[in-house]
Amino acid sequence: MQNKQLEDYYKKINESSVYDVAIETPLLPMQNLSLVCNNEVLIKREDLQPIFSFKLRGAYNKISQLTKDELKSGIIASSAGNHAQGVAYSAKKLGIKATIVMPNTTPPIKVKSVISYGAKTVLFGDMYDDAYMHAQELAKKEGLTFIHPYDDEAVIAGQGTVGLELLKQAPDMDIIFVPVGGGGLLAGILAAIKYKNPKIKVVGVEPENAACLFAALNAKERVILKQVGIFADGVAVKQIGELPFKVIKEFIDDVVLVSTDEICAAIKDIFENSRTIAEPAGALSLAGLKKYADEQSLNDKKLVCINSGANINFDRLRHIAERADVGEQKEAIYSITIPEEKGGFLKFCTFIKKRSITEFNYRYCDDSMAHLFVGIGLDNGIDDKLAFERNLDEQGYDYTDLTDNELAKLHIRHMIGGKPKVLTDEKVYRFQFPERPGALMEFLKTMGDRWNISMFHYRNHGSAYGRVFVGIQLPIGETTEFSEFLEKLNYSYFDESKNQAYLQFL
C-alpha cells in the first residue's frame, strides 16, 4: 500500500505541467559554509522562480488541471504570501479570473505583487484563518474554485518536481532538508525521492514555536497547536495538512527544530555565500541542516537545503541582523552585577577591555550594586562563552545568561531604565498582535482604563505582527478578572513577571 501511494504520486509528479511557468532552479554550492561544516553543502535556489518562491509549482499544476467550466467561473485562494502570488501569476498566464483573500496584516509588498499580476484582492480579518473562512464563503457564494496552498494532491505533485530536479542534479546526495509549513513541499519531495532512491534521507525542518509536524508525529495524529510563532510567517501553520501527513508519517526520516536566532543566522549565511536575502521560511532548511550536522557529527556528507523563498519586507532586516550573531554563536548576552562603589565600574571595564563588546548598558540599582546589560562578541562560539563565564566566576561577579531570553532580546536591551521604588503590584506581559495602521491604538483601547499601565514598550519589526511589552498594576483580588480579560483579548501573550531580565533591570 505504501509503495502504491508513492507510485501514484510519482506518476502525478512526472505528469505535472509546472514548466509552463516555472523554471528548473539551480543547485549551487555554499563553499564557505561547506568548509565550516566539513560537509558539502548545496542550496536549491527556489527563490529564483518568477514569484521568488517554489509555491508557483503547486499552484499552477492545480489550476492547469481544472475543467473548462471551472476555469471560466474563476478561482479563489486565501494566503498572506507566496501562495497568493503563485495563484495570481498562474491565473494571469492562463487568462482566468482570480480572487485572493488576504489578512489586513499582509505586508504591502505582497499585496502590490498580487495586484500586479491582475488578481482581485480582498483584505479581510487579522489572521490567515479569518481570510481562509471568508474565501470559503466567497467560493460558495460566487461559484469559484478554491485553490488550497498544500492540502491537495495536484499541489503536492507540483511541489514534488523539486525532488525530481534534485535527483537529477545531485543523485549522490545523502540528506535533503525541507522546510515544513502545511507539508505540501515535504510530501511532494518525499514521494519523488523515496520512490526512486529510498536510501536518501529526507529531514523536515520546523521553527521551535511552530512545530505542527513534530507535534503530529509525536501524537501519531494531526493536532492543532494553540498558537504558533510569527517570525517565519511562511510556515506559521497550526496543523499539518491532512493529505501531506499521510505521506510524511510513513516516509519521513527525521524532523529538526530550530530557533528564531538560528534562522537569522542562516539568512546571514545565505547572504554571505550568494549575496541573496532569503525570507525566514526560505532560510529555515539551512538552519536545520547546520543544527542537524552539528548534533549528528556529520562529516564528508553531501547535504542539500532549499531556499524556498525571498519575499521579505526590507524593514525586517534590522531585526534579523540583531539576532543573527546570537544564532551563529558569535554573541552572548548577560546581566552582570557589579558593586556600586568607587572604581567598581572602571574595574569591570578593565576586566573586559580585551574582549569584543557588542552592547553595553549600565544602570544604577541601589547603593550596594549596579546591573550591567552586556553583549560579548564570540570568535570561537561556545568555547569563548564558557571561557568568559569562567573569568566572571574567578573575579566573583554574579551574572545571568540572557542569550536565550526572548524578552531581553526583543525589549529589555532597548529600554534599560531602572526600578520604581513604590510599585508593589506590577505584573508584566509580552503581547503579539496583528500589525496594521492604527493597530497600536486599537490595542490600547482594548486594554481600556480598567487597569493602570505602569510601563510600555513597542517595536515594529516590519512583520505582520506588532510586539508589545506592558507593565500593569494589578491590585490584590483582581488577578482572576485580568486572566479572564486576557483570554477574551485573543492575542498571544506571555507572562514575564518572573523573567530575570525584567526583575534585574526594570
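The values are calculated or read from the model by the stated rules, or taken from the named source; none is laboratory data. What you see is a predicted model, and the numbers here were worked out from it, not measured in a lab. Positions of Cβ are backbone-derived with ideal geometry, glycine not excepted, and every protein chain shown enters the neighbour counts.
Tell me yes or no: at least one residue of region 42-52 is without any contact (Cβ under 8 Å) to a residue 60 or more places away in the chain, out of contact with any strand residue (DSSP E or B) (no Cβ under 6 Å at 6 or more places or on another chain), within 15 Å of Ser308 (Cβ to Cβ) and not in a helix (DSSP H, G or I). There is at least one residue in region 42-52 that is without any contact (Cβ under 8 Å) to a residue 60 or more places away in the chain, out of contact with any strand residue (DSSP E or B) (no Cβ under 6 Å at 6 or more places or on another chain), within 15 Å of Ser308 (Cβ to Cβ) and not in a helix (DSSP H, G or I). Answer yes if at least one residue in region 332-342 is among the acidic types (Asp, Glu) and in the same structural domain as Pro207 (by TED's automatic domain parsing), and no otherwise. No: region 332-342 contains no residue that is among the acidic types (Asp, Glu) and in the same structural domain as Pro207 (by TED's automatic domain parsing). Residues in region 244-258 include none that are under 12 Å from the mean Cα position of the chain (by Cα), modelled with pLDDT under 95 and either aromatic (Phe, Trp, Tyr) or crowded, with 21+ Cβ neighbours inside 10 Å (or both).
Quick check on Asn61: is it not assigned by TED's automatic domain parsing to the domain that holds Gly95 and not charged (D, E, K, R)? So that I can check it myself, show each step before the final result.
Numbers: not assigned by TED's automatic domain parsing to the domain that holds Gly95: no; not charged (D, E, K, R): yes.
Against the criterion (not assigned by TED's automatic domain parsing to the domain that holds Gly95 and not charged (D, E, K, R)), Asn61 does not qualify.
A search for C-beta distances below 9 Å between a residue of region 477-490 that is free of Cβ contacts under 8 Å to residues at least 60 places away in the same chain and over 17 Å from Leu444 (Cα atoms) and any residue that is of a type in the set (Lys, Arg) and surrounded by 11 or more Cβ atoms within 10 Å (Cβ to Cβ), counting only pairs 6+ apart in sequence or on different chains, returns Thr479/Lys427. Cβ-Cβ distances below 8 Å connect the following pairs, each with a first residue in region 100-120 that is touching a residue at least 40 places away in the same chain (Cβ under 8 Å), a second residue that is among the acidic types (Asp, Glu), and a separation of six or more residues or different chains: Pro103/Asp126; Pro103/Asp130; Asn104/Asp126; Thr105/Asp126; Thr105/Glu435. Scanning region 276-284 turns up no residue that is at pLDDT below 90 and of a type in the set (D, E, K, R). Of all residues in region 354-411, those being on the phi < 0 side of the Ramachandran plot, in contact (Cβ under 8 Å) with a residue 12 or more places away in the chain and of a type in the set (Gly, Ala, Ser) number 6. Take the conditions (1) modelled with pLDDT of 80 or more; (2) under 23 Å from Leu503 (Cα atoms); Asn380 misses just one of them, which is (2).
Return the residues of region 284-330 that are outside any helix (DSSP H, G or I), out of contact with any Asp or Glu (no Cβ under 7 Å at 6 or more places or on another chain) and not polar (S, T, N, Q); say none if nothing qualifies. Result: Leu298, Asp300, Val304, Cys305, Glu328, Lys330.
Residue check: is Ile96 β-branched (Val, Ile, Thr), farther than 30 Å from Leu167 by Cβ, surrounded by fewer than 24 Cβ atoms within 10 Å (Cβ to Cβ) and outside the structural domain of Val304 (by TED's automatic domain parsing)? For Ile96, the condition - β-branched (Val, Ile, Thr), farther than 30 Å from Leu167 by Cβ, surrounded by fewer than 24 Cβ atoms within 10 Å (Cβ to Cβ) and outside the structural domain of Val304 (by TED's automatic domain parsing) - is met. Scanning region 270-288 turns up at least one residue that is under 25 Å from Ser356 (Cβ atoms) and touching a Leu at 6+ places or on another chain (Cβ under 7 Å).
Taking region 59-117 and the helices (runs of 4 or more DSSP H) fully enclosed by it, the elements with 3 or more residues that are under 20 Å from Ala131 (Cα atoms) and not acidic (Asp, Glu) are at 82-94, 108-116.
Checking the condition surrounded by fewer than 17 Cβ atoms within 10 Å (Cβ to Cβ), of a type in the set (Ser, Thr, Tyr) and either modelled with pLDDT under 65 or part of a strand (DSSP E or B) (or both), which residue from Tyr458, Tyr429 passes? Talk me through it step by step, then tell me what you get.
Values: Tyr429 fails: surrounded by fewer than 17 Cβ atoms within 10 Å (Cβ to Cβ).
Tyr458 is the lone residue from the list that is surrounded by fewer than 17 Cβ atoms within 10 Å (Cβ to Cβ), of a type in the set (Ser, Thr, Tyr) and either modelled with pLDDT under 65 or part of a strand (DSSP E or B) (or both).
Looking only at residues in region 118-156 that are over 25 Å from the mean Cα position of the chain (by Cα) and assigned to a loop (DSSP other than H, G, I, E, B), the one that is surrounded by the fewest Cβ atoms within 10 Å (Cβ to Cβ) is Gly143.
There is no residue in region 196-210 that is closer than 14 Å to Asp151 by Cβ and within 16 Å of the chain's Cα centre (by Cα). Considered as a group, the residues in region 1-33 that are polar (S, T, N, Q) and over 12 Å from Ile270 (Cα atoms) include one that is surrounded by the most Cβ atoms within 10 Å (Cβ to Cβ), and that residue is Ser16.
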